[in-house]
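The next block holds one structure in the form of structure tokens; read it before the comments.
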Amino acid sequence: MEKFEPVISETIDHIIASSGLLKPEIALAIAFLLSIISSLFFEKKFKNSTFLIAVLGFISAFILLIPQFNDPQEGFFGMIRRDDFSIYGRMLILFASLVTGFFIQQHFKHKAIKRKIADVYSILLAASFGLSLLTITTNWLLVFISIETVSIASYVLVGYLSENKKQSEAAVKYVLFGSACAAMMLYGLSLLYGFTGNLDFTSAMHIQGLISAPKILCSVAILFLFAGIGFKLSFAPFHVWSPDVYEGAPTPITAFLSTVPKIAVMILFSRLCASWFETFFYFSELTFLLLVVIAIVTMVVGNFIALRQENMKRLMAYSSIGHTGFLLMAVLAFVQGNTDVLLFYMAVYVLMNLSAFLYIDYLESKIGDANIQSFMGLGKKLPFTFVGFSLIGISLIGLPPTAGFIGKFLIFSNVFELYSESSEFAYLLLLIVGAITTVVSLFYYLKIPLYAFLKENKSDSVIKETFTFQNCLAFLFCIAVVILGIFPSLLLSLLK
Amino acid sequence: MGILSILLLLPLFACLLILAIPSSYRNSYKYIALGFAFLQFLVSGYLYWQFDGSQTGINSVSGYQFVEQLPWLRLDLGSLGQLEIDYFIGIDGISMPLILLSTIVMLMAIGASWNISKSLKGYFALMMLLSTAIIGIFVALDFFLFYIFYEVMLLPLYFLIGIWGGARREYAAIKFFIYTLFGSVFMLLVMVGLYFSVINPDTGAHTFNMLHMMNPANYVDGSFFATAANSFDVFGIPARMVGFIILFIAFAIKIPIVPLHTWLPDAHVEAPTPVSIILAGILLKIGGYGIIRICYSVFPDAAVQANWWIGLIGVVSIIYGALNALAQKDLKRMIAYSSVSHMGFVTLGIASMTVEGISGAMFQMVSHGFLSAALFFMVGVIYDRVHDRYIYNFRGLATLMPKFTAYLAIAFFASLGLPGFSAFIGEAFVIIGTFNAELVGTGISRWMALAGSIGILLSAVYFLWTLQRMFFGQTRLKGGEEWAVALTDLSKREQLILFPTIALSLLLGIMPSLVFDQMNAAVVNLVALVSTHL
């Protein structure tokens, strides 16, 4: 017993010392607990109490992040790693979650829902807690735990508010797929742990273990691992769940699911690439090859299937699959210390995607569904909305003068630089596929102005422009996208 | 703010003004647009007057005039180095005539838009935005800036064709967009590649400055587009050749060359008359301008090797376009294909790489600019009146519309290269240049000059045959009496638009030095730049 005493006190000291690292996450956790209490006891008296707690939780976590800049630290025995990259990532996540919170509140304001909306905010807090953890760890165990936290929260978000059969079906599909992938990932992780005896993927011991591991088993483990992460990121061939789920879930939830988890997982991936690609051994080559193939297939699949979509939400689902492929390309070209390119693209992507879904939600409430066909000739009746929506579409394609173009341009530059340094054929292939899918994406994003402005609608339905939270916020984002397109240094110099 | 910036920002200001004025004053939009277009014309006319034709331009800043350079983007991108993008504009003998041409054609297009009645606000705002983008393309000396204007130009055109166009407008609009974007996305990749290969000698940072890209000394050794000892290749083709081919295709789509021309008949036919005028008068010239300004100047070594093929493409475009024009039954389609044929001379002239050839190509661009604009305008005149332009539905129009017939006949004769008109000078110089090219050893064969002459012959055939079919003989119209009443002769406004173009064509045909003097020094410099690699 005596032998352990000094160790215990040291351990406790270490834990107390490193708890400062987790301040934003602790704030989220406290907000989560408070929101449960409030939704149970106070919601009847004070209508928006849970919503307010969630908003305060996000804001306070955001504020707690600010003093942590320029102070990279490790804590909890290397389980938690904080650097500026993760802080920016978390800021993006918190910002997007906050917007989602407002979005949910506005979306359900005029709807008669049998269930309590208040609980949704608690789950949103939990999801962003998990995502936040994912950005600050390099430990597989913590990665698994945070991915599961996010997944379970997402299942609930999709299923909890299901109003009809289709939405319930989407939720069930999501849970089944998700659990299977989680199990595979866990199995992969256990294999990795068996090879290396260490769960920190940046550690020398882990990499050493991988180098000496038998090739076939190592491949199996890595494949299993990617299956789990791939599910969350919805890259091909693990993307099949996402269109159904995106279409079935309430629009604010879809906006959240299609945007925010990507940021966290991309940050994880870029850390993984940065530490694994350095070696010349089998597993590095395998991971590189896998990621290249996945990026290419994902870009192609996402963009080509999006061509055939009639429903705007499904279209956005495939578009986000395509963008995942593009982000993966960015991650592949991720060079340590060059985080701003990736962060810029993600920030712009968040703005574009959120505002696209805000517009979809607004239009859904105006015309009853999200089919592109029903936008026919609405451009004249809803000019404020469709001018903005078309601009967002243009930004999603990546045409100037929008921020989408600058993001694409920076990523192309990154990849090109790597190509001319290494002459690796894979990079060239990525560039070509990236360029071709950009042209392909033009077809479906331009469907928005095509139906809204180019086609004429003979029927005289009375649809009038109203200024709601959704289209005003979306328009604000739209302006931001254009301004960042002309003066990208506004954001890029911040990200330095 | 310099005078070029004023030229560039005038239409943008007009665009914002139109957007700001409420729709209840919608009748004022066309006057605003016309006023600003006229102002722009005056500014460019002043520029032309002030322009010193003896300056060489092309690859040295000192040879450019009215230069403005402001840092626009300065970003430290870590391992990618400092990102250096400038607001860098200036003009030389290559861009000056085209800028003046653009403002004239723009003025014509606004004049032709007088009867547009559908969503006026959007229409004139987009027109003005398009005008900004066009001027921007011609003045930009920074590749990044050029690219931005090049892409921004697409959006207004997409909407102008798509909303105000004819029956198959959606198809034509997207086809036009896809063709151009396909070229320009790959152009983006080449641009990025050039960026990493070129160093600004003054600051040591990578740069998008086109003039630095033209100097082989600025290339980093071992970079992707390095001029010396470049070992990169893509699918077995040397890197610099790949860069050249990609840029050439991107611009050749605009010119357009056969077989990348198929967007053009659709876009021209479906577009409303003013947009057809802009497409034929200005847009096609952007292709030729891009090839001269970027392809040949930045990749002269690759250009020299690819020369014979480019000449061949020019010849094929001339002959194929002419044969197609011969077979058309729709007047607008006929003129669209005649554009393909006439722009083939531009390609051939550039490929000849002789001073005569390139001057001829430039002159052909200017001449074709307002002649094709006049032709499309005249098709619009008929179409406005009876909503038909099928050649066989008209006969003996000369008795109904004598003034119109006179204008059209002059425009036809001018276009087919009758001596005394501008097209003759352009085509003759191209053919002389091509013929002489063998002496200089640029790789162009003599028979290409011959093929060019056959193209001129064919153009005489299709123009005269059309004139005969539609205008001479007994009056016989498909619409009968109704059409005969509707087909009134040219109005004052229409004559006001047509007369200057015909007059200009005649003036330049008699005094080609008006244009040649301004660009000669630049063309000589360009030929010198390219021929060091022969």
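Quick check: the distance between the Cα centres of region A:303-372 and region A:166-204, to the nearest angstrom?
A separation of 25 Å, based on Cα centres.
Taking the Cα atoms only, what angle lies between the long axis of helix B:239-254 and the longest principal axis of chain B, rounded to 10 degrees?
20
Ranked from highest to lowest mean number of other Cβ atoms within 10 Å per residue, what is the order of the peptides A:133-143, B:383-393, B:17-27, A:21-31? Display every interim value, and only then the final one.
On the way: A:133-143: 22.3, B:383-393: 15.1, B:17-27: 12.4, A:21-31: 20.7.
Answer by packing, highest mean first, reads A:133-143, A:21-31, B:383-393, B:17-27.
Evaluate the distance, in nm, between pseudo-label points positioned 7 Å from the Cα of A:LEU52 and of B:ILE510 along their respective Cα→Cβ axes.
8.6
Net charge within 14 Å of B:GLY90 by Cβ-Cβ distance, Lys/Arg positive one each and Asp/Glu negative one each, not counting B:GLY90 itself?
Working: positive: B:ARG293; negative: B:ASP52, B:GLU68, B:ASP86, B:ASP92, B:ASP142.
Net charge in that neighbourhood comes out at -4.
For the protein assembly as shown, how big is the tail of P(r) above 44 Å, as a whole percent of Cα pairs?
Numbers: 209991 of 529935 pairs.
Cα-Cα pairs in the protein assembly as shown separated by more than 44 Å: 40 percent.
Scan chain A and note any complete DSSP helix (H) whose C-alpha atoms cover at least 18 Å along its axis and whose Kyte-Doolittle average is 1.0 or more.
On the way: long enough: A:5-18 (20 Å, 0.46); A:23-41 (27 Å, 1.73); A:49-65 (24 Å, 2.48); A:84-107 (34 Å, 0.89); A:118-134 (25 Å, 1.66); A:140-160 (29 Å, 1.70); A:165-196 (46 Å, 0.67); A:215-233 (26 Å, 2.00); A:251-276 (37 Å, 1.22); A:282-306 (35 Å, 2.11); A:312-332 (30 Å, 0.95); A:339-367 (41 Å, 1.10); A:383-397 (21 Å, 1.93); A:403-422 (29 Å, 0.74); A:425-445 (30 Å, 2.06); A:469-486 (26 Å, 2.38).
Length and hydropathy pass: A:23-41, A:49-65, A:118-134, A:140-160, A:215-233, A:251-276, A:282-306, A:339-367, A:383-397, A:425-445, A:469-486.
What are the residues whose amide H is under 5 Å from the amide H of B:GLN82, where those residues sit 5 or more places off or on another chain and H is modelled from the backbone?
Placed amide hydrogens put B:LEU77, B:HIS206 under 5 Å from B:GLN82.
Rank-order A:240-248, B:335-343, A:218-226 by packing density, defined as the average count of other C-beta atoms within 10 Å over each peptide's residues, highest first.
Working: A:240-248: 22.3, B:335-343: 27.6, A:218-226: 19.4.
Ranking the peptides A:240-248, B:335-343, A:218-226 by packing returns B:335-343, A:240-248, A:218-226.
Can you sort A:TYR193, B:TYR462 from fewest to most other Cβ atoms within 10 Å of each residue's own Cβ? Mind dumping the intermediate values first?
Details: A:TYR193 16, B:TYR462 24.
In increasing order of surrounding Cβ atoms, one gets A:TYR193, B:TYR462.
State, to one decimal in nm, how far the label point of B:SER531 lies from the label point of A:LYS45, with both points 7 Å from Cα in the Cβ direction.
The answer from the label model is 9.4 nm.
Over all residues in A:406-416, what is the mean tally of Cβ atoms on other chains that come within 10 Å of each residue's Cβ?
5
Let me know the shape class of chain A, please: from the alpha-carbon gyration tensor, a ≥ b ≥ c as square roots of the eigenvalues, rounded when a/c is under 1.5, otherwise prolate if a/b is greater than b/c, or oblate.
It comes out oblate by the Cα gyration axes.
Taking the Cα centre of region B:3-531 as the origin and placing charges on Cβ (Lys, Arg +1; Asp, Glu -1), which of B:LEU408, B:CYS15, B:SER44 is farthest toward the positive end of the dipole?
Checked the options; the winner is B:LEU408.
Which one of B:ILE178, A:THR466, A:ILE479 is farthest out on the positive end of the charge dipole of the protein assembly as shown, using unit charges on Cβ (Lys, Arg +1; Asp, Glu -1) and the Cα centre as origin?
Farthest towards the positive end: A:THR466.
Any chance you could give the angle, 0 to 90 degrees and rounded to 10, that helix B:355-386 forms with the longest Cα principal axis of chain B?
Once rounded, the angle reads 30 degrees.
Between the helical axis of B:120-139 and the dominant principal axis of chain B, each derived from Cα atoms, what acute angle in degrees is found, rounded to the nearest 10?
Computed tilt is about 40 degrees.
Taking 7 Å along the Cα-to-C-beta vector as the label spot, tell me the A:GLU169-A:ALA183 distance in nanometres, rounded to one decimal.
Result: 2.4 nm between the two label points.
Give the average, rounded to an integer, of partner chain Cβ atoms located within 10 angstrom of each Cβ in A:442-455.
Average neighbour count from other chains, rounded to a whole number: 4.
Report relative contact order for chain B in percent, whole number only (criteria: Cα-Cα under 8 Å, sequence separation at least 6). Walk me through the intermediate numbers first.
Details: 995 pairs, mean separation 83.3, N = 534.
For chain B, the relative contact order is 16 percent.
Ranked highest first by average number of other Cβ atoms within 10 Å, how do B:247-257, B:202-212 line up?
Numbers: B:247-257: 24.9, B:202-212: 19.6.
Order by mean packing, descending: B:247-257, B:202-212.
Would you mind checking which residues have amide H under 5 Å from A:THR138's amide H? H placed 1.01 Å from N; only 5 or more apart, or other chain.
Amide H neighbours of A:THR138: A:ARG81.
What length, rounded to one decimal in nm, is gained on full extension from B:ILE6 through to B:ASP517, with 0.36 nm per residue of separation minus their alpha-carbon distance? Walk me through the numbers before you get to the answer.
Details: separation 511, 0.36 × 511 = 183.96 nm, distance 2.52 nm.
The B:ILE6-B:ASP517 span can extend by a further 181.4 nm.
Tell me what the protein assembly as shown gives for mean residue ellipticity at 222 nm when only DSSP H runs of n ≥ 4 count, each as -39,500 (n - 2.57), the sum divided by the residue total, rounded to 500 deg cm²/dmol. Mind showing how you got there, number by number?
Working: 41 runs with 718 residues, N = 1030.
Value at 222 nm, helices only: -23500 deg cm²/dmol.
What's the local net charge at B:ASP330, with K and R +1, D and E -1, over the other residues with C-beta under 15 Å away? Write out the running numbers ahead of the final one.
Values: positive: B:ARG168, B:LYS329, B:LYS332, B:ARG333, B:ARG389, B:ARG469, B:LYS478; negative: B:ASP266, B:GLU270, B:ASP388.
After counting each charged neighbour, the total is +4.
Mind checking which of B:ILE391, B:PRO419, B:ALA351 is farthest towards the positive end of region B:302-437's charge dipole, using Cβ charges of +1 (Lys, Arg) and -1 (Asp, Glu) about the Cα centre?
Looking along the dipole axis, the top candidate is B:ILE391.
What average count of beta carbons from other chains do you get within 10 Å of the Cβ of residues in B:215-226? Intermediate values should be presented prior to the final figure.
On the way: counts 0, 0, 0, 0, 0, 1, 0, 2, 3, 6, 1, 1.
Mean number of neighbouring Cβ atoms from other chains: 1.
Readers should treat all values here as calculations from the given coordinates under stated rules, not as data from a laboratory. Just so it is clear, the structure is predicted and the values come from calculations on it, not from any experiment. Note that we place each Cβ from the backbone using ideal geometry, even for glycine, and neighbour counts take in every protein chain shown.
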